[in-house]
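Below you'll find the structure, written out as structure tokens, and then a few comments.
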Amino acid sequence: MLLDFFPSKTLTIYLAKMFVVRIVAVLGMLVLVLMMLDLLSRTGDILAYPGNGEGELLTYVSLRVPQLVQRFLPYSVLLATIITLAGLNQNSEIVAIKATGLSAHQILAPLLLAAAVVALLTFAFNERVVTRATATLKAWEDVEYGPLPDDPGTRTNAYFNDGNDVLMARQVTGAGAETELSGVTFYERDDAGMISRQVTGSRATYVNGEEGTGWLLEQPEVFDVRTAQGYSLDEPMLVAQGTSLDQVALRNVDPDAETLAELSSSIEALKAAGRPTSELEGRWWHKISGPLAAILMPLLGAVAGFGLARSGHLFARAVLGMALGFAYFVVENAALAMGSFGGYPPLLAAWAPFFLFFLLGETVLIRTEE
């Protein structure tokens with residue numbers, strides 16, 4: 001019987017159902033409160049754009065809620081674990097269950113099963129919903145909550161290095177040879193890194209022909225810093241001749257806005273261009289290890305469900321379980337930060353906290369209950 005983790009179908013359904021209901025309730029409460037607080041700080045910015053109203057506020061809510069669900073679902077699983085087990089302990093149900101011969105691991109098994117299902121659903125939700133909502137919200141914030149560009153590949157506030165010079169564009173549309181820059185500013189800098197000349201234009205397209213390779217800037221206006229004089233040119237001007245379309249394609253990657261497959265492609269492209277990818281690799285692994293935190297929470301919060309309730313230590317056990325769970329999130333964020341700085345390998349940064357606290361939770365559970 002000790003090797004059978006689900007000896008009773010009735011008990012398994014009872015515990016799993018109770019656990020899932022509490023996860024949904026806690027998550028709903030957290031998301032509702034945090035969404036209201038977020039709206040208090042964002043409403044002014046959204047309504048500041050002419051024509052925005054209640055519809056835009058609802059659009060913001062629809063894009064922000066998936067992010068809040070992603071972030072606070074593991075916390076909800078932790079709190080639901082503590083509430084569920086503490087309630088069972090308080091009503092002596094844990095004592096009754098253990099009297100039938102079930103071990104602590106068998107009591108936790110239905111919760112771990114439910115948490116595993118939550119982890120799988122979380123991964124799918126993150127890949128299919130959160131990434132799209134994050135990409136759309138980021139693009140909307142870049143245009144200050146104005147109308148979104150028709151082209152989903154449109155980027156704003158992009159810049160590219162041409163040796164010592166810098167090419168900046170307010171907006172980048174299209175792809176490949178059809179790439180177009182709008183609101184362009186080109187800074188020519190001397191060997192000391194000081195700006196010697198500034199060239200601005202309304203639009204630039206990439207050319208690669210007899211006249212040279214670079215960006216053909218229309219309606220150029222030149223300002224010479226050394227003479228403090230500005231003038232306009234009648235003909236288009238070729239600038240940033242050392243740049244290429246590959247540089248434009250290698251955008252600033254937002255791992256939260258890309259799926260696992262898209263992020264893999266971005267990492268390969270950045271590697272081919274010789275750019276550092278340690279932080280992105282750590283985030284790639286975290287897309288897998290992050291949802292698995294839901295499986296870890298019942299184990300860390302289990303300390304709240306055992307021990308005699310009448311001993312007066314129930315509250316202390318609940319606090320201890322909560323402390324273990326929150327300690328995991330602190331260590332996880334610290335490890336990811338260390339990985340982004342190159343202190344840890346990406347694989348270790350993403351997975352070490354999970355296995356460390358899994359062993360810690362097992363140790364606490366075995367020493368106190370088994």
Practice task
Express in nm, to one decimal, how much length is gained between K271 and T10 on full extension, taking 0.36 nm for each residue of separation and deducting their alpha carbon distance.
Solution key: 88.7 nm
Handout entry: Theoretical ellipticity at 222 nm over the chain - DSSP helices of four or more residues, -39500 (n - 2.57) apiece, nearest 500
Key = -19000 deg cm²/dmol
Exercise for the section: Assign unit charges at the C-beta atoms only (+1 for Lys and Arg, -1 for Asp and Glu), then state the dipole size of the chain relative to its Cα centre in Debye, rounded to the nearest 20. Expected result: 2420
Exercise for the section: Please report the base-10 log of the normalised intensity I(q)/I(0) for the chain, using a Debye sum with one equal scatterer per alpha carbon and no solvent, at each q in 0.06, 0.07 (1/Å). Expected result: -0.36, -0.47
Fill in the blank from the handout: Computed over the range 68-141, the distribution of all Cα-Cα distances in 5 Å bins, rounded to whole %, is 3, 13, 17, 18, 13, 10, 8, 6, 5, 3, 2, 0
Completion exercise
Relative to the compact-globule estimate 2.2 N^0.38 Å (N residues), the Cα gyration radius of the range 15-140 stands at a ratio of 1.39
Exercise for the section: For the range 98-203, just run the numbers: alpha carbon Rg, then divide by 2.2 N^0.38 Å, N being how many residues it has. Expected result: 1.97
Fill in the blank from the handout: The alpha-carbon center of the range 311-347 and that of the range 1-48 are separated, in whole Å, by 20
Exercise for the section: Relative to the compact-globule scaling 2.2 N^0.38 Å, provide the ratio for the alpha-carbon radius of gyration of the range 164-241. Expected result: 1.09
Exercise for the section: Please give, to one decimal in nm, the separation of the simple spin-label points placed at K17 and A158, each 7 Å out from Cα toward the Cβ. Expected result: 5.5
Fill in the blank from the handout: Per the Kirkwood formula over distinct C-alpha pairs, the hydrodynamic radius of the range 21-85 in angstrom is 12.9
Handout entry: Calculated FRET efficiency for the pair S232/R189, C-beta based, R₀ 25 Å, to 0.05
Key = 0.70
Handout entry: Debye-sum result for the range 258-306 in log10 I(q)/I(0), which assumes one identical scatterer on each alpha carbon, at q = 0.13, 0.17, 0.21, 0.26 Å⁻¹
Key = -0.45, -0.59, -0.72, -0.92
Fill in the blank from the handout: With +1 at each Lys and Arg Cβ and -1 at each Asp and Glu Cβ, the charge dipole magnitude of the range 164-241 around its Cα centre, to the nearest 20 debye, comes out at 320
Problem - Listed residue (V20, A335, G274) projecting farthest to the positive dipole end of the chain, Cβ model - result: V20
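Laboratory data are not the source of any read-out in this text; all were calculated from the coordinates shown. Since we're looking at a predicted model, the values are computed, not measured. Cβ atoms come from the backbone with ideal geometry, glycine included; neighbour counts cover every protein chain shown.
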